[in-house]
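Student: One structure coming up, written as structure tokens, with questions to follow.
The values are calculated or read from the model by the stated rules, or taken from the named source; none is laboratory data. Please read these numbers as outputs of a predicted model, since none were measured by experiment. Cβ sites come from the backbone with ideal geometry, for glycine too, and all protein chains shown count toward neighbours. We work out accessible area using only protein heavy atoms, side chains counted, and drop any ligands, DNA or RNA first. Shrake-Rupley method; radii C 1.70, N 1.55, O 1.52, S 1.80 Å.
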Amino acid sequence: MGSLAILLLILGIGAALVVAATIYQAVATAADQRRYPPPGRMVDIGARSLHLIDKGSGLPVIFESGISATSLSWTEVRSKVEGVARACSYDRAWLGWSHPAPSPRTTANIVDDLHALLEAARIPTPVILTGHSFGGMLARAYAGRYPGDVAGLVLLDPLSPGEWLTVSPAHARMLRLGIKLSRRGAWLARLGVVRASLALLIAGGRRVPQWMAKLTGGSGESVITRLVGEVRKMPPETWPMVRAHWCLPRTFQGLAAYLESLPASSAEAAMLAATLDERLGQPGAIPVTVLSAANATPQQLQEREAWTRRSPRGRHIIARKSGHWIQLDEPELVVQAIQEMLGIAKPS
């Protein structure tokens with residue numbers, strides 16, 4: 001067999017594998033959509049929809065997730081809060097069951113999406129905003145942009161805009177790596193590689209993290225191991241849904257979109273948070289509770305302490321048994337903080 005024939009054979013086999021992988025991904029995605037429909041409702045906010053889980057009655061508590069997390073990350077906390085309040089968790093654009101967004105994923109655009117969601121879903125304001133990490137930064141920004149909509153803030157190990165206002169060379173490398181991994185993940189998801197890898201991992205395949213590390217330039221193993229560890233803290237019934245979401249190219253595309261906008265988002269969040277801080281010193285300012293992880297840095301603790309001191313009803317709590325995901329490590333502590341906020345937050 002000549003070299004040209006061998007080359008054509010290799011190309012043919014490669015093309016057949018790509019086609020087979022694409023079909024595998026499409027068939028499995030369709031099966032996931034039938035098996036895991038949205039647990040909440042899809043709310044039209046104009047040309048696209050966001051997924052909202054809305055249960056309970058009383059003063060609304062809105063849960064804002066971390067940068068790559070969905071409404072599922074609040075499952076345990078929300079199930080307890082819905083007994084004493086109207087508990088609402090949603091998926092931001094691109095994530096979970098929500099549709100992609102055409103605009104950059106900057107703070108201003110995300111905050112406006114949430115405002116449109118509350119109006120379209122007919123959720124009365126003011127609300128208590130409960131945000132984790134990136135979601136904590138968004139919650140403070142929302143309170144700065146729409147002060148009349150917010151009765152109180154509960155912030156879980158919140159991201160500070162200052163961490164990304166001036167991007168150091170180390171942060172720039174970290175951000176570029178995150179974007180690159182997200183884009184590569186989208187490509188691998190289209191070919192069903194992510195789906196097959198997660199299936200093997202769930203089945204106990206020990207070599208999957210190492211193999212994914214090679215495909216992602218050496219960083220995939222620690223990322224996968226850490227994420228799987230956090231997901232396993234969630235209620236078991238959510239695990240298949242989380243897996244289904246991370247098998248979608250859209251999830252990785254969305255993460256890339258949020259990471260690409262992170263510096264701009266931080267600048268916008270800083271301006272809106274400054275507006276909030278000015279109001280916190282005035283009569284009738286909203287109460288603010290911050291829960292910090294046990295491994296928070298001294299600089300983070302000092303900044304968060306300053307935030308709560310500005311509010312006449314501010315509290316800073318150290319979650320001694322928690323890492324960054326406080327709602328998974330100490331859900332009861334988060335529920336208690338929300339219940340206390342419900343007791344002091346007064347709709348105007």
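Student: Tell me, what % of the accessible area of the chain is carbon and sulfur with a 1.4 angstrom probe? Each step should come with its number before you reach the end.
Tutor: Working: 9600 of 15930 Å².
Ligands and nucleic acids excluded, carbon and sulfur reach 60 percent.
Student: I need the helices of the chain that pass two filters: whole DSSP H segments spanning 27 Å or more by Cα along the axis, and mean Kyte-Doolittle score no lower than 0.5. Present the calculation step by step, with values, prior to reporting the outcome.
Tutor: On the way: long enough: 3-35 (48 Å, 1.39); 169-190 (32 Å, -0.22).
In the chain, the long hydrophobic H runs are 3-35.
Student: How big is the dipole moment of the chain about its Cα centre under a simple scheme where the beta carbon of each Lys and Arg is +1, that of each Asp and Glu is -1, and everything else is neutral? Debye, nearest 20, please. Don't jump to the answer; show the numbers that get you there.
Tutor: Values: 37 positive and 26 negative charges, 161 e Å.
Dipole size: approximately 780 debye.
Student: From the protein chains alone at 1.4 Å, what is the descending order of accessible area for TRP307, TRP187, largest first? Don't skip to the answer; put the middle values down first.
Tutor: Working: TRP307 15, TRP187 140 Å².
Order by accessible area, largest first: TRP187, TRP307.
Student: So what is the 222 nm mean residue ellipticity for the chain from helices alone, if each DSSP H run of at least 4 adds -39500 (n - 2.57) and you divide by all residues, rounding to the nearest 500 deg cm²/dmol? Before the final figure, lay out the partial values.
Tutor: Numbers: 15 runs with 192 residues, N = 348.
Value at 222 nm, helices only, nearest 500: -17500 deg cm²/dmol.
Student: Could you give the nm distance between label points at ASP44 and ALA120, where each point is 7 Å from its Cα heading toward the beta carbon?
Tutor: Between ASP44 and ALA120, the simple spin-label model gives 0.9 nm.
Student: Here is a further query. Calculate, for the range 215-344, the solvent-accessible area per residue in square angstrom, rolling a 1.4 angstrom probe over the heavy atoms of the protein chains.
Tutor: Values: 6110 Å² over 130 residues.
Computed with neighbouring chains in place, this is 47 Å² per residue.
Student: Please compute the modelled spin-label separation between LEU200 and GLN339, points set 7 Å along Cα→Cβ, answer in nm with one decimal.
Tutor: For the pair GLN339/LEU200, the computed spacing is 4.6 nm.
Student: Within the range 249-269, find all residues whose amide N lies under 11 Å from a label point positioned 7 Å from the Cα of GLU163 along Cα-to-beta-carbon.
Tutor: What the label zone holds, given the 11 Å backbone N cut-off, is no residue at all.
Student: Additional query: Just to be sure I understand the model, the point goes 7 Å from the Cα along the line to the Cβ. What's the resulting ARG279 to ALA31 distance in nm?
Tutor: 5.0 nm
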